[in-house]
1. Over all distinct Cα pairs, what is the inverse of the mean 1/r for the range 198-357, reported as the Kirkwood hydrodynamic radius in Å?
2. Please compute P(r) over all alpha-carbon pairs of the chain, binned at 10 Å starting from zero, and give each bin as a whole-number percent.
3. Where does the range 59-113 land on Rg(C-alpha)/(2.2 N^0.38 Å)?
4. Take every Cα pair under 8 Å in the range 199-357 that's 6+ residues apart, average their separations, divide by the length, and report that relative contact order as a whole percent.
5. Can you list which of the trypsin sites (Lys or Arg not before Pro) found in the range 146-221 are DSSP loop residues with at most 16 other C-beta atoms within 10 Å?
6. Once every DSSP H run of n ≥ 4 in the chain is given -39500 (n - 2.57) and the sum is divided by its residues, what mean residue ellipticity at 222 nm do you get, rounded to the nearest 500 deg cm²/dmol?
7. Based on the inverse mean of 1/r over its pairs of different Cα atoms, what is the Kirkwood hydrodynamic radius of the range 259-311, in Å?
8. Please report 167, 111 as a ranked list, fewest other C-beta atoms within 10 angstrom at the top and most at the bottom.
Amino acid sequence: MPTFHPSPREGQTMKRSLLASAMGMAFALLATASPAQEAGGAPPRAAADYPAPQTFPKANEKAVAEHLSAARKLAGTDLFPDMAHRCIISPVYPVRVRGIQFDGKITPTRIFDQLYSVGQNAVSAYVLKTSAGLILFDTLDNADEAKTLLVPNMEKLGLDPKQIKYIVITHGHGDHYGGAQWLQQATGAKVIASAIDWEMMEKGPKPGVFKDLPLPKHDMEMKDGDTLTLGDTTIRFYVTPGHTPGTLSAIFPVTDHGQRHVVGFNGGTGGGRDEAGLRASIPSFARWGELTRAAGVDVLIANHPLHAETIEKEELLRHALPGDPNPFIVGTDTYQRYVRIQAECARVQLARLGLSE
């Protein structure tokens, strides 16, 4: 039977070659009509109307440079894409994020012996298989996505949605709880969130396309340090404010070809959205680093594929040769660097706003 146990408590020759290649492409583009022109569509938008980078008129440029340098050093080459996304692309070039993080189908993938990726291109969903049923993390944008994408993705991997016992909402934004009510009603699963984010979902403003989302029934609240045991698997939860005040993060074991590893699933790698969120995220990530270090976390997953190159890693897994390493296993030291980068990028953004930590 499932049991719930409350706790007390991201050379010159080469340059000439690249330049020649770029010039060749430019000449080819100049000599070719645009697809819109060939199809008789509207003419391309005037260059003056192109989107521009975000500007930060109050920025403390010295502090921005110092924290960017620190983040870059932490990143090295292996975590450079994660650093670049969180510190630079997302806050300064958000149009680039929207161009990559679009709603789209992906190939569902078993990423560990017990852990399955069943989401979509813009937002992740994971299923953790236990000896007594399934635990689902996040539910995509709405009921249609849950019915049309998430459930078929599970079935393609041999998972029965009726075996979902718990649904964990990592934070109270619509792209994570949007399909929860439908799944709750279809499966009888209990929905879990932190108390703070339950309140945000139930009473807080819901912007844009999430304005009229139906809410799941308020089943269970997880406090900081609580554990959830289902069959042979125990998950420990922590409240890690920053992205939202009640972001819920999880630590749990998995195996890869029988070898034990530990997942650190931070529920808020999207960063703070305002001054309060940025300020909260810095000590929150520092504490998350301590918790995950003590637990021996060596597996990195995120609740948006863009935050941890999830789709690329899954493609590698599906085409792995015998003996190829699992790309989600980053090791304990690299995981800690990833967490420290998140905090450093929050400092960068505060400095852009002319604020200090």
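1. Values: mean 1/r = 0.0578 Å⁻¹.
By the Kirkwood definition, the hydrodynamic radius is 17.3 Å.
2. With a bin width of 10 Å, the distribution comes to 5, 22, 31, 24, 12, 5, 1.
3. That ratio works out to 1.51.
4. Normalised by residue count, the contact order of the range 199-357 is 18 percent.
5. Hits after loop and neighbour filter: 211, 217.
6. Mean residue ellipticity, 222 nm, calculated: -10500 deg cm²/dmol.
7. On the way: mean 1/r = 0.0822 Å⁻¹.
The answer is 12.2 Å.
8. Ascending number of Cβ neighbours within 10 Å: 111, 167.
Values in this text are rule-based calculations from the coordinates and carry no lab data. All values derive from a computational prediction rather than experimental measurement. FYI the Cβ positions are ideal-geometry reconstructions off the backbone, even for glycines, and counts take in every protein chain you see.
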